[in-house]
Every structure is written in structure tokens, then in C-alpha cells.
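Visitor: Provided herewith is a single structure, encoded as C-alpha cells, for subsequent inquiry.
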Amino acid sequence: GRIGVSTGEKVLDCGCGIGGPMRNIARFTNAEITGVTLSEYQVIRGNELNVAQGLKGRATSVQCDFLHLKFEDNTFDGAYAIEATCHAPRREDVYGEIFRVLKPGRMFACYEWCLTPKYDANNELHRLIKKKIEEGDGLPDMASQEAVVQSLKNVGFELIEARDMALDERFGGDPWWLPLYPSWNPLSFRFQMTPVGMALTRYALTVFEFIGLAPKGTVKVQTMLQQGGWGCAQGGYTGTFTPMFLMVARKPLN
């Protein structure tokens, strides 16, 4: 809806992963979506799923670095990125490429991971939260909402809208971070986020890795993900971090 595309138009999904959103958007809009990801596995698996779900030609995954998009200027009728551009060391590099391949007058919608205005660089807990999210999710230096908006403008986009969707009342129900927040109920999935749950998980995986039931490096990956989960949960709880900062921008006509 936000990027205003219709049947047969060409849309870029920047950092598509295995393409869940891409397939939904292809079905919903009847547009032709091209998704780019660096991972060869994600391209192969994504295209298998595209074909299996009857979307051949309407959803296509391509292996490509989003800092160097292999498309001509002014190719796409719309573009979006969902929690992907936060992996770019410099936002201008990826936004600039999206700007280049987008047709004039067309829209780009982006969900970013950002620090909110509540983040205080002098607060030790806030700094720890930021560090854990970056380490656990393999991110470079996390940017503020102000900085990502400025980066969009720096490459030439006109900003239409920017807001933290995590604060939207209309979602109702539980906050987005609750599933990641520790619970001392041993029957809850969230128990594994507690210090005891983390230790038990680590112990079990160490045994599995040792006897060959889990691949080498599993414990290391799990520890990293737990740290990232803790950071996201605490960032959500303190209101210093959002994974849902929505920006909608237009490439000017001239």
C-alpha cells in the first residue's frame, strides 16, 4: 500500500532473506518482486519456495550485494527494505543504490532498527543494551532515528513519513518485545531468557555438540543469539530501541 504499486509493476525487496514478505506482497499486489540477498542458500531456498507457491515470475530472489545493486538506473516502480538496511555500515551507501535504481516519482518504504530519542549515551545500561543488540545480531554501529532520516535525505529522497510503529496504539495486545523478555515460569518459552534458562540451554547444547548431535559452533551461535535477544528485550522494555522505525520516502521527479 505505502509504495503504491499495482499489477505487473517492478518492485525491489532489498535484503529479502528467504523471501516471506516478498511472497506475501507478490500475492497481495500482483506486482513482480525481485528480492536481493548476499546469501546463496537464501537465494536457492527462496526461489524453491517461490515456485512451490505458484509465484514463478512474480517473486524472484537474486544473489547480490545491496551496496552494489546489479540493476540499471530507474528500473523499479517501488522499493522496500524490512529490517535489512541496518546491516549497512553506512546507510547512505545502501539508500543511495536504492535511490539510483528507483524510477523518479516512485516510493521507498523502509523498516529500520534504531535507537530512539530515549537512548542516552551517558547511561551505562543503555550503552550495554546497544552493544548486545549489535553483537547478537551482527550489526555495525546502531544509528538513531534522526540519523537514518538524515541519511535518506542526504542521498536525495524526499521524506513523506517517519514514525516508530512500535508506539502505535492500534497494535493493541502485548508489546513486541515481550516474547524475548525473561519469565520465571518454567513452562514458558521465555524461561530460557532467564540466567538459569540460559545456563541450562548452554549446558544441554554443549553436551549435544560434544556427542555430535549438534554441529560444531552451535553453543557459540546460541550464546550470541541469547545476547541479542536480551538486548532487544531490554531495549524494548526501556524504550531505547525499536525494530519498527518506518520511513516512507519518494525519489523526486526531476
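Bear in mind these aren't lab numbers, they're just calculated from the coordinates by the rules spelled out. Since the structure is predicted, the reported quantities are computational estimates derived from the model, not experimental observations. Note that we place each Cβ from the backbone using ideal geometry, even for glycine, and neighbour counts take in every protein chain shown.
Visitor: Ordered by residue, what ³J(HN,Hα) values in Hz, to whole numbers, does the range 9-14 give under the Karplus form 6.51 cos²θ - 1.76 cosθ + 1.60, where θ = phi - 60° and Gly and Pro are x?
Guide: 6, 9, 10, 9, 9, 8
Visitor: While we're looking at this one, here's another question. Tell me which residues come under 5 Å, amide H to amide H, from residue 59 once H is placed; ignore anything under 5 positions away on its chain.
Guide: 33
Visitor: Please list, in chain and number order, the residues 5+ apart from residue 106 or on another chain whose amide H is under 5 Å from its amide H, with Hs placed from the backbone.
Guide: Long-range HN contacts for residue 106: 251.
Visitor: Sticking with this structure for a sec: If amide H atoms are built 1.01 Å from N in the plane of the peptide, which residues on other chains or at least 5 residues away come under 5 Å of the amide H of residue 114?
Guide: Result for residue 114 returns 242, 244, 245.
Visitor: Another one. What's the extension gain from residue 90 to residue 39 if we count 0.36 nm per residue and subtract their Cα-Cα distance? Walk me through the intermediate numbers first.
Guide: Working: separation 51, 0.36 × 51 = 18.36 nm, distance 2.00 nm.
Full extension of this stretch gives 16.4 nm more.
Visitor: Spelling out what I want: for every residue of the range 132-147, take phi, set θ = phi - 60°, compute 6.51 cos²θ - 1.76 cosθ + 1.60 (Karplus), and round to whole Hz; glycine and proline get x.
Guide: Coupling constants for the range 132-147: 5, 5, 4, 5, x, 10, x, 9, x, 4, 6, 9, 7, 4, 4, 5 Hz.
Visitor: Using a 10 angstrom Cβ neighbour count of at most 16 plus a DSSP loop assignment to flag exposed trypsin sites (Lys or Arg not before Pro), which longest range of the chain is free of such sites? Walk me through the intermediate numbers first.
Guide: Values: sites that count: 2, 56, 70, 90, 118, 216.
In short, 119-215.
Visitor: Same structure again: In whole Hz, what ³J(HN,Hα) sequence does the range 110-120 give by Karplus (6.51, -1.76, 1.60; θ = phi - 60°), x for Gly and Pro?
Guide: 9, 9, 10, 8, 9, 7, 8, x, 6, 5, 10
Visitor: Now for a separate question. Using a Gaussian network model of the chain with C-alpha springs under 10 Å, which one of 54, 138, 212 is most mobile by mean-square fluctuation?
Guide: 212
Visitor: Please compute the contact order of the chain in relative form: average sequence separation of alpha-carbon pairs under 8 Å and at least six residues apart, divided by the residue count, as a percent. If you can, show how the numbers build up before the last one.
Guide: Details: 481 pairs, mean separation 56.6, N = 254.
With pairs under 8 Å counted, the relative contact order is 22 percent.
Visitor: Work out the charge dipole of the chain with +1 on the Cβ of Lys and Arg and -1 on the Cβ of Asp and Glu about the Cα centre, then indicate which of 84, 157, 211 is farthest towards its positive end.
Guide: So the residue we want is 211.
Visitor: Which value at 222 nm does the chain reach when only helices count, each DSSP H run of 4 or more adding -39,500 (n - 2.57), with the total divided by all residues and rounded to the nearest 500 deg cm²/dmol?
Guide: Values: 7 runs with 94 residues, N = 254.
Only helices count here, giving -12000 deg cm²/dmol.
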